[in-house]
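Working notes, beginning with the structure itself.
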Amino acid sequence: MTKEEIEKTITAFKDAAIRSKNAGFDVIEIHAAHGYLINEFLSPLSNHRTDEYGGSSEKRYRFLREIIDQIRSVWDGPLFVRISAHDYAEGGMTPEDYIEMARWMKTQEVDLIDVSSGAVVPARIDAFPGYQVPYAELLRKEADIPTGAVGLITSAVQAEEILKNGRADMILLARELLRDPYWPYRAAKELDVEMEVPKQYDRGWVF
Ligand SMILES: Cc1cc2nc3c(=O)[nH]c(=O)nc-3n(C[C@H](O)[C@H](O)[C@H](O)COP(=O)(O)O)c2cc1C
């Protein structure tokens, strides 16, 4: 990318934030994970630039820094950033490497880091229940910033354990909600939590 293209892209993020605001969205999450463009700037495996956008971690972070600043100039609502905390490859980013960047995000008034992993380069990922939770836990503790945990979280008790033990501040589900769209209701019931439901669900939900 030329510097002009970088500038245009950063402005496009800002314009998207303005459109999101006008459309009434409650939260903006910047996607800096899963091998997409911002992730490619962050990781030394994909960022081989020799200008001010590549090299040291500070320079690789610069593209995201400018995007966050531009979005923050037009958006005062909740702002999340999704990261890939681990590249699972020699010479790539690790959760420890992200501590510094997470601290920078905090100073830029990012409200929460949504901690996923992988996809900058092909890698064998040893995925098991809650496998990405330790990364959310590490960044929460070391950078003192709220984090979200995602990845093979499937049961209410598992989700509650993560929250109650202070390992993350938010749980994100993907595939389990495809398998069971009623998961939030079942989880509330399992954990004996009262949940506000649409009126027509009331009679179906009281046993
Ligand atoms: C159908 C589908 C679409 C997804 N789309 C996105 C996406 O647009 N952005 C994203 O960050 N992750 C996306 N993901 C990844 C999920 O957010 C999540 O990180 C991943 O599925 C692991 O969580 P899980 O075990 O709860 O499914 C998607 C996953 C699925 C199954």
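The values are calculated or read from the model by the stated rules, or taken from the named source; none is laboratory data. These numbers come from a predicted model, not from an experiment. Here Cβ is always computed from backbone atoms with ideal geometry, including for glycine, and neighbour counts include all displayed protein chains. The protein model used for the area step is the full one, side chains on, heavy atoms only, and it has no ligands, DNA or RNA in it. Shrake-Rupley method; radii C 1.70, N 1.55, O 1.52, S 1.80 Å.
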* Asked: Using Cα pairs under 8 angstrom and six or more residues apart, how large is the relative contact order of the chain, in percent?
  -> 16
* Structure fact -> Answer in debye to the nearest 20: the dipole magnitude of the chain about its Cα centre, from +1 Lys/Arg and -1 Asp/Glu charges placed on Cβ, is 340
* Which whole-number value in Å² is the accessible area per residue of the chain, probe 1.4 Å? -> 57
* For region 3-172, give the percent of accessible area contributed by carbon and sulfur heavy atoms, probe 1.4 Å, rounded to a whole number. => 49
* Asked: In a GNM of the chain with a 10 Å cut-off on Cα contacts, which of HIS86, HIS31, HIS48 has the highest mean-square fluctuation?
  -> HIS48
* Structure fact -> Whole-Å distance linking the alpha carbon centroid of region 75-110 with that of region 116-186 is 15
* What is the mean projected area of the alpha carbon convex hull for region 105-207, to one decimal in square nanometres? -> 8.7
* Given 20 °C and 1.002 mPa s, how large is the Stokes-Einstein diffusion coefficient of the chain in µm²/s, with Rh as the Kirkwood radius over Cα pairs? -> 116
* Asked: Between the helical axis of 95-107 and the dominant principal axis of the chain, each derived from Cα atoms, what acute angle in degrees is found, rounded to the nearest 10?
  -> 90
* To do: Given the options ARG124, ARG65, ARG49, state which has the largest fluctuation in a GNM of the chain using a 10 Å cut-off (strictly under) for Cα springs.
  => ARG124
* THR50 versus THR154: modelled label distance in nm, points set 7 Å from Cα along the beta carbon direction -> 5.0
* To do: Return the single residue from GLU90, GLU176, GLU100 with maximal mean-square fluctuation; model: Gaussian network over the chain, springs between Cα atoms under 10 Å.
  => GLU90
* Degrees separating the helix 57-72 axis from the principal Cα axis of the chain, which is the longest one -> 60
